[in-house]
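*Asks:* Questions regarding the structure given below will be posed in turn.
The values are calculated or read from the model by the stated rules, or taken from the named source; none is laboratory data. Being a predicted model, the structure only gives us computed values, none of them experimental. FYI the Cβ positions are ideal-geometry reconstructions off the backbone, even for glycines, and counts take in every protein chain you see.
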Amino acid sequence: MRAFDPLRNLSRWPVLRQVARRDVDGFRETSYSKRTLELTPRTRTADAVVKSVCPYCAVGCGQNVYVKDGEITDIEGDPDSPISEGCLCPKGAATFQLVTGSHRVSRVLYRRPHGTEWESIPLERAMEMVAERVRRTREETWEEKNDQGQQVRRTLGIAHLGGATLDNEENYLIKKLFTALGIVQIENQARI
């Protein structure tokens, strides 16, 4: 068994290495470990970089989406964006977890009236259920004229509150569709 050598152990302390190499801030090689020398950014091995826009608010910060073998490997701020110049807020910086997180529900869940459990149903069935409910509610609550006899052609039985992840084009199309259906209570949920 080797004897304890305090000077040998002291020489491995990062602070002493910093002083000996005049690396006072510890930003150069004195702060490196074997692992940090082997690390490479996930962006370096990407097959493609796709330009995108952050889905969280109405600011529209630019994002670079890094893709390898058809899978998203990283999402970072786009330095070419005139809006955000590569910066992202904490929500925008977490977009990678939003799109790749294992916690994300990727199927339609439905709970029957008075039910206590969620069940998985096909997307097509869910879309048909929504369309049928919109049609039925519109028919049941349609107003051709108001109490003063003025022509209004509307329904007050349906309203829309858009999510903050919708972009301007989606909000425009939703407004057009719902106005054509006679819905007058239409709002978005921009977080700015």
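*Asks:* Just for the range 101-112: of the residues that are under 30 Å from residue 74 (Cβ atoms) and either among the hydrophobic types (A, V, I, L, M, F, W, C) or modelled with pLDDT of 95 or more (or both), which one is surrounded by the fewest Cβ atoms within 10 Å (Cβ to Cβ)?
*Replies:* 105
*Asks:* Given the condition touching a Gly at 6+ places or on another chain (Cβ under 7 Å) and not polar (S, T, N, Q), answer yes or no: does some residue in the range 126-141 qualify?
*Replies:* yes
*Asks:* Among the numbered criteria (1) of a type outside the set (A, V, I, L, M); (2) out of contact with any Gly (no Cβ under 7 Å at 6 or more places or on another chain); (3) assigned to a helix (DSSP H, G or I), which one does residue 149 miss?
*Replies:* (3)
*Asks:* Which one of the conditions (1) surrounded by 10 or more Cβ atoms within 10 Å (Cβ to Cβ); (2) not in a helix (DSSP H, G or I); (3) not assigned by TED's automatic domain parsing to the domain that holds residue 55 does residue 88 fail to meet, given that it meets all the rest?
*Replies:* (3) is the only condition that residue 88 fails.
*Asks:* Filter the range 113-142 for residues that are assigned to a loop (DSSP other than H, G, I, E, B) and surrounded by 10 or more Cβ atoms within 10 Å (Cβ to Cβ) and give the result.
*Replies:* 118, 122, listed by residue number.
*Asks:* Could I ask something else about it? Checking the structure you have, find out if any residue of the range 26-38 is at pLDDT below 95, more than 30 Å from residue 14 (Cα to Cα) and surrounded by 11 or more Cβ atoms within 10 Å (Cβ to Cβ).
*Replies:* Checked against the condition, which is being at pLDDT below 95, more than 30 Å from residue 14 (Cα to Cα) and surrounded by 11 or more Cβ atoms within 10 Å (Cβ to Cβ), the range 26-38 yields no hits at all.
*Asks:* Same structure, new question: Scan the range 133-189 residue by residue and report those that are closer than 25 Å to residue 52 by Cβ and of a type in the set (Phe, Trp, Tyr).
*Replies:* 172
*Asks:* Name the residues in the range 61-85 that are surrounded by 15 or more Cβ atoms within 10 Å (Cβ to Cβ) and within 19 Å of residue 168 (Cβ to Cβ), would you?
*Replies:* Hits for the range 61-85 are 61, 62, 63, 78, 81, 84.
*Asks:* Continuing with this model, one more query. Take residue 48 and decide whether it is of a type in the set (Gly, Ala, Ser), modelled with pLDDT under 80 and outside the structural domain of residue 166 (by TED's automatic domain parsing).
*Replies:* no
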